[in-house]
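Student: Before we start, here is the structure in question, set down as structure tokens.
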Amino acid sequence: MSNVTNGVDGLLGSSTADLLKQKQKLDTKGGEAFAEHLKGAINEMNDLQVKKEEAVADLATGEVKDLHQAALAIGKAETNMKLMLEIRNKALSAYKELGRTQL
């Protein structure tokens, strides 16, 4: 899993102090860190989509070993795709807003 997933999964059991330390690490890296996190998130989304496709193929052929794990893989991929689409929509909206800004 990528650093993005580990960071998100780590939020569940983290204290405020831990979250502030993580934020400070991210703040010091600058724009390159954002690009790296974005690449990691896209790669993770691709991996989840591949796992989902494998789970769907297993379901279709009757070769599914664990129905619960297949359902989880499909659910994770769907949720991750929705999140990435929302991030894309927000980024496009921000870009368009910058284009409308008069200098």
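The values are calculated or read from the model by the stated rules, or taken from the named source; none is laboratory data. The structure displayed is predicted, hence computed values, not measured ones. Here the Cβ is made from the backbone with ideal geometry for all residues, glycine too, and neighbour counts use every protein chain on show.
Student: Of everything in region 31-68, what is among the small types (Gly, Ala, Ser) and in contact (Cβ under 8 Å) with a residue 40 or more places away in the chain? Give them in sequence order.
Tutor: Taking region 31-68 first, the residues among the small types (Gly, Ala, Ser) are 31, 33, 35, 40-41, 55, 57, 60, 62.
Correct list: 41 only.
Student: Would you confirm, using the coordinates I've provided, whether residue 82 is in a helix (DSSP H, G or I), surrounded by 10 or more Cβ atoms within 10 Å (Cβ to Cβ), modelled with pLDDT of 90 or more and touching a helix residue (DSSP H, G or I) at 6+ places or on another chain (Cβ under 9 Å)?
Tutor: Numbers: in a helix (DSSP H, G or I): yes; surrounded by 10 or more Cβ atoms within 10 Å (Cβ to Cβ): yes; modelled with pLDDT of 90 or more: yes; touching a helix residue (DSSP H, G or I) at 6+ places or on another chain (Cβ under 9 Å): no.
Considered against the rule, which asks whether it is in a helix (DSSP H, G or I), surrounded by 10 or more Cβ atoms within 10 Å (Cβ to Cβ), modelled with pLDDT of 90 or more and touching a helix residue (DSSP H, G or I) at 6+ places or on another chain (Cβ under 9 Å), residue 82 comes out as no.
Student: Filter region 58-72 down to the residues that are of a type outside the set (D, E, K, R) and in contact with an Asp or Glu (Cβ under 8 Å, 6 or more places away or on another chain), then identify the one that is surrounded by the fewest Cβ atoms within 10 Å (Cβ to Cβ). Show your work before the answer.
Tutor: The initial filter retains those residues of region 58-72 that are of a type outside the set (D, E, K, R), namely 59-62, 64, 67-72.
Then drop every residue that is not in contact with an Asp or Glu (Cβ under 8 Å, 6 or more places away or on another chain), which leaves 64, 70.
Details: 64: 16, 70: 19.
Taking the candidates together, the pick is 64.
Student: I'd like to know if region 20-37 contains one or more residues that are within 25 Å of residue 72 (Cβ to Cβ), assigned to a helix (DSSP H, G or I) and modelled with pLDDT of 75 or more.
Tutor: Taking every residue of region 20-37 in turn, at least one turns out to be within 25 Å of residue 72 (Cβ to Cβ), assigned to a helix (DSSP H, G or I) and modelled with pLDDT of 75 or more.
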